[in-house]
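Have a look at the structure below, then the notes.
The values are calculated or read from the model by the stated rules, or taken from the named source; none is laboratory data. From a predicted model like this one, the values you see are computed outputs, not experimental measurements. Cβ placement follows ideal geometry from the backbone for every residue including glycine, while neighbour counts extend to all protein chains displayed.
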Amino acid sequence: MDSETRSAVRIFTVLALATAAVVGWWRVREARRPHLQQVRVVYRGVGEAVASDAFRSFPAGTAVEAAAVVTYRRGNGASRHLCSLSPVEIGGRPLPVEPPAAWPASGGQLRATWYTVEPSLLGWQEVGPETADKLAYRDFLAAELGRGLLTRLDFEARNDDFLARKVAGNALAGGTFRLKVRVGAYRRADDLVAVESVSSPGAAEVFTGTVPAVAVRYPFPEGINATLSHRLRLGCFTFRAEAWRGEGEWPLPLPPARLVAEGYVTTPEAFAAAALGGVPERSPWGPPLALVAGSNGWLWNGRELRWGKEVAAGDALRRGGRWAVLLTDDGDGLLSFGDTAIFAWGEPARIAPAALALGDDAATVELLRRAP
């Protein structure tokens, strides 16, 4: 072997060793670099000791925080969990967590992007299998919630239809709220693209029950079941009879009756029944009374009905497929067109005068009183 060949071999050997050293260093570094595995959302209200993914409701005005629970792993090590709140329970079981500061520096910077999970459409009539997609939810960017792993809920809707149509009912301080979070690891603070990211369940999984939710209780008057708040801000739909009965194919994980019962959507009748803690299949009302419109309100057998005696909060007025639940008297002590009612019809529930709730032609209506 001549000197030139020996020199070439030496150079090749040095390069091979250097390459092997770099590759080995890179592999060791990658093995030690943390990798994101999963992220989930937990909530904690003022006065609560534990942050959890369990469903519960809070009085209107309660400050509620949402936190991302980030699960990561280094190499073949055990999974570790980060959360800005502690202690944490997931699925009813304690989960040991560390503060986000425990995230290894080699993993870069963690940033969150928050979304609300809301109904995509606010209402549709006569839903069948071919229009079941109208019941879907969507993820709506909630930039106002910031980029941190901890945020405070503002309970604002992001659905474009809400923003475009500022009807009074869309601003009710109550309802069920769901959040999704995506957490990314960024090498540098000014990077726009994450090295890797994970997302919690969102709109695509909402009907499986894996998106944690909390509810805010609207201050309804006495006589109204508090769980009616859970049905505020839901899309209001009607279904074709055969779809409601479960006949034929249905493309969603849950049939219509289950979607309504589990609080993903509502119907006008189901919303009204919920005011008394009931469901349409087990009517909470007694037999209907036929009423006729008079000069200022509806009459039964020609006479006016008195609040607190013949009508009360929670009683319902029905005209065809439209329902309105009475909330408060307008001050004259009688069942009047101006009495306050809540109803859902083609959009989320809103509060309005009873005559408006029942539509243009309310000359004859039915009164359904709470069953004894």
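Among the candidates Gly277, Gly175, Gly248, which residue alone is in the same structural domain as Ala63 (by TED's automatic domain parsing) and either in contact (Cβ under 8 Å) with a residue 24 or more places away in the chain or farther than 23 Å from Val311 by Cβ (or both)?
Result: Gly175 is the single residue among Gly277, Gly175, Gly248 that is in the same structural domain as Ala63 (by TED's automatic domain parsing) and either in contact (Cβ under 8 Å) with a residue 24 or more places away in the chain or farther than 23 Å from Val311 by Cβ (or both).
Enumerate the strands (runs of 3 or more DSSP E) found wholly within region 66-133, keeping only those where 1 or more residues are of a type in the set (S, T, N, Q) and within 21 Å of Arg182 (Cβ to Cβ).
Of the strands (runs of 3 or more DSSP E) lying wholly inside region 66-133, those with at least 1 residues that are of a type in the set (S, T, N, Q) and within 21 Å of Arg182 (Cβ to Cβ) span 109-119.
Could you list all residues from region 342-365 that are surrounded by fewer than 24 Cβ atoms within 10 Å (Cβ to Cβ), closer than 26 Å to Phe177 by Cα and among the hydrophobic types (A, V, I, L, M, F, W, C)?
Trp345, Ile351, Ala352
Could you tell me how many of the residues in region 288-309 are without any contact (Cβ under 8 Å) to a residue 40 or more places away in the chain, outside any strand (DSSP E or B) and of a type outside the set (Ser, Thr, Tyr)?
Qualifying residue count, region 288-309: 5.
Could you look through region 55-70, keep only residues that are farther than 14 Å from Leu153 by Cα and touching a residue at least 40 places away in the same chain (Cβ under 8 Å), and pick out the one that is surrounded by the most Cβ atoms within 10 Å (Cβ to Cβ)?
Filtering region 55-70 for residues that are farther than 14 Å from Leu153 by Cα and touching a residue at least 40 places away in the same chain (Cβ under 8 Å), the one surrounded by the most Cβ atoms within 10 Å (Cβ to Cβ) comes out as Val70.
Could you give every pair whose Cβ atoms fall below 8 Å, whose first residue belongs to region 326-337 and is surrounded by fewer than 17 Cβ atoms within 10 Å (Cβ to Cβ), and whose second residue is not β-branched (Val, Ile, Thr), counting only separations of at least 6 or pairs across chains?
The qualifying pairs are Thr328/Pro221; Thr328/Ala313; Thr328/Asp339; Asp332/Asn296; Gly333/Arg306; Gly333/Trp307; Gly333/Gly308.
Return the residues of region 338-367 that are assigned to a strand (DSSP E or B), in contact (Cβ under 8 Å) with a residue 60 or more places away in the chain and under 31 Å from the mean Cα position of the chain (by Cα); say none if nothing qualifies.
If the condition is that a residue be assigned to a strand (DSSP E or B), in contact (Cβ under 8 Å) with a residue 60 or more places away in the chain and under 31 Å from the mean Cα position of the chain (by Cα), then Ile342, Phe343, Arg350, Ile351, Ala352 are the ones that fit.
Is region 285-298 home to any residue that is within 38 Å of the chain's Cα centre (by Cα) and within 30 Å of Leu121 (Cβ to Cβ)?
Yes, because at least one residue in region 285-298 is within 38 Å of the chain's Cα centre (by Cα) and within 30 Å of Leu121 (Cβ to Cβ).
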